[in-house]
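The values are calculated or read from the model by the stated rules, or taken from the named source; none is laboratory data. Because the structure is a prediction, the values reported are computed rather than measured. A quick note on method: Cβ atoms are made from the backbone with ideal geometry, for glycine too, and the neighbour counts reach across all protein chains shown. Just the protein is used for accessible areas: all its heavy atoms, side chains included, with ligands, DNA and RNA removed. Shrake-Rupley method; radii C 1.70, N 1.55, O 1.52, S 1.80 Å.
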Amino acid sequence: MRFRLKSNDHTVSAPIPVTESIDYLIKIVQQLSATHDLPGVMKLVCHSACTLTGCRRAAFLLLGGESCHCATDQSVPVLCRRMCSSIDTLVGELVLKERQPILISNMENDSRIPSKLSKNTFLKSLAMLPIRPQDPIGIIGCYWTEPHSPTREQMRVLQALADTAAISIDNIRYRQDIAKKARELEKAMDGTLLAIARIVEQKDPYTSGHQQRVSRLAYDIAREMGWKEERCEVLRRAALVHDIGKIGIPGDLLTKPSQLTPLEKELIQTHAEIGYQIVKDISFFVPLAEIIRQHHERLDGSGYPRGLKSDEMLPEAKVLAVADVFEAMTSHRPYRPALSPSIAFDELLKNRGTCYDSLAVDTLFSMITEKKYQIPE
Ligand SMILES: [Fe+2]
């Protein structure tokens, strides 16, 4: 049998009266429902078991641990702690096998406890019961330093405590499971986004890495502006695929080494709307779709595809626009070499507040000039 054990020693001289134990139990049920971590549940249950029964020591043994640990309370001598652990394991196995409580009112006279164990512990009696008898997930043990038998009523209340603890532990495990699955889903989503970003780059190799760099830059600007992590993450993901609509543009137009004609420019500009149309019906893209659609809009309405004005634009799109323009200007293009960051800033500062969000521009400027920010490569 493998246990994970958490136990506490308590100096409770007498149990609370039976008439008060139901009220006490109700209070503990409320506290358990607000406890969202395993150690917290174990500690609360041990303390409550001592209060309800007046035992000297309570142990919470959870199945599924790597080994059987004993209490680390320094007031208990090392030898006693080792003996307790052996008794926990020995009696615990019986409890799990029979799926019902076991009471040992005097360990020294009980054939189930080897004398080498009972003689070497200061504990003289115990009560152990399964946590959820029909499908046990562990055991609660109560120990006294003198021969003792808890009352039938105390055992019933203790079993109610154990069963409530089972519900709390189930809930904690479900929550941990859901959180783990959400992390896995997010990881899969990031992998999918990266794959999409690479597909776009296959179509337009001159912008290789552009979306990744814009994504990093936009995320860092948003963080610096004090946005919450969750919001920064949405922006980071939208930026990673913001040019997905280029899939719908002829490749020779995207890689044309000379200046574009007005008609060709118009055709390329459709990529923002195409991007939106591609992703708008995929559930995990829904928050990203509108940001993608707006990444070429400008505050004064001079952008595309819809000529939105500042108050109609998403803040995420405003930050993305600044990151996109800065990255595009400082990168090599088939029709011009990479421009220096200072030239890119001249463009952003010249149109700060008219085309580009002032706070996003100022934040990027201070990150690079004052905070030695490393531009993503
Ligand atoms: Fe774009």
- Query: Pairing the Cα long axis of helix 38-53 with the longest principal axis of the chain, what angle in degrees results, from 0 to 90 and rounded to the nearest 10?
  - Reply: 20
- Message: Using +1 at the C-beta of Lys and Arg and -1 at the C-beta of Asp and Glu, which of V322, V214, L260 has the Cα lying farthest in the positive direction of the dipole of the chain?
- Response: V214
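By the gyration tensor of its Cα atoms, with a ≥ b ≥ c the square roots of the eigenvalues, what is the shape of region 82-149: rounded for a/c under 1.5, prolate for a/b over b/c, or oblate?
It is prolate, given that a/c is not under 1.5 and a/b is the larger ratio.
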- Note on the structure: Computed for the chain: size of charge dipole around the Cα centre, +1 on C-beta of each Lys and Arg, -1 on C-beta of each Asp and Glu, debye to nearest 20, value 1140
- Relative contact order, percent, region 175-263 [alpha-carbon distance under 8 Å, six or more residues apart]: 34
- Dipole check, the chain, charges on Cβ (K,R +1; D,E -1), about Cα centroid: among N109, A272, S340 the Cα furthest to the positive pole belongs to N109
- Cut-off 10 Å between beta-carbons: net charge of the residues surrounding I139, Lys and Arg +1, Asp and Glu -1: -2
- Provide the gained length on full extension for the span Y373 to Y174, in nm with one decimal, where the gain is 0.36 nm per separating residue minus the Cα-Cα distance. 67.5 nm
- Based on the Cα coordinates of region 122-245, what is the per residue volume of their convex hull in Å³? 191
- Divide the volume of the convex hull of the Cα atoms of the chain by its number of residues and quote the answer in cubic angstrom per residue. 199
- Note on the structure: Share of accessible surface on carbon and sulfur in region 116-192, whole %, 1.4 Å probe and ligands ignored, is 56
- Message: Given points 7 Å out from each Cα along the Cα-Cβ axis, report the Q202 to S111 separation in nanometres with one decimal.
- Response: 7.6
- Among I292, P15, V361 the positive-end extreme of the charge dipole of the chain (Cβ point charges): P15
- For D177, what accessible area in Å² do you get when you roll a 1.4 Å probe over the heavy atoms of the protein chains, rounding to the nearest 10? 80
- Cα-based helix-to-principal-axis angle, 358-369 vs the chain, degrees rounded to 10: 80
- Contact order relative to length for the chain, counting C-alpha pairs under 8 Å separated by 6 or more residues, stands in percent at 12
- Message: For region 245-289, place one equal point scatterer on every Cα, skip the solvent, and apply the Debye formula. What is log10 of I(q)/I(0) at q = 0.30, 0.31 Å⁻¹?
- Response: -1.01, -1.05
- Note on the structure: So the angle from the long Cα axis of helix 152-203 to the longest Cα principal axis of the chain, reported in degrees to the nearest 10, equals 20
- Message: Under a crude label model (7 Å from the Cα following the beta-carbon direction), how far is E230 from K256 in nanometres?
- Response: 4.4
- Query: Cα gyration tensor of region 320-370, axes a ≥ b ≥ c as square roots of the eigenvalues: rounded (a/c below 1.5), prolate (a/b > b/c) or oblate?
  - Reply: prolate
- Task: Give me the distance in nm between label points sitting 7 Å out from Cα along the Cα-to-Cβ direction at K187 and R333, one decimal.
- Result: 3.9
- Solvent-free Debye scattering, log10 I(q)/I(0), computed from the Cα coordinates of region 165-215 at q = 0.20, 0.24, 0.26 Å⁻¹: -0.72, -0.85, -0.91
- Where only protein heavy atoms count, and the probe is 1.4 Å, what is the accessible area per residue for the chain in Å²? 50
- Write down Rg/Rh for region 274-377, rounded to two decimals, with Rg from the C-alpha atoms and Rh from the Kirkwood relation over Cα pairs. 1.00
- Helix-only [θ]222 nm of the chain, DSSP H runs n ≥ 4, -39500 (n - 2.57) each, per residue, nearest 500: -17500 deg cm²/dmol
- Query: Please state the relative contact order of region 230-377 as a whole percent: Cα pairs under 8 Å, 6+ residues apart?
  - Reply: 18
- Full extension from H47 to A195: what is 0.36 nm times the residue separation minus their Cα-Cα distance, to one decimal in nm? 48.0 nm
- Task: Using every Cα-Cα pair within region 221-266, state what percent have a distance larger than 12 Å.
- Result: 71
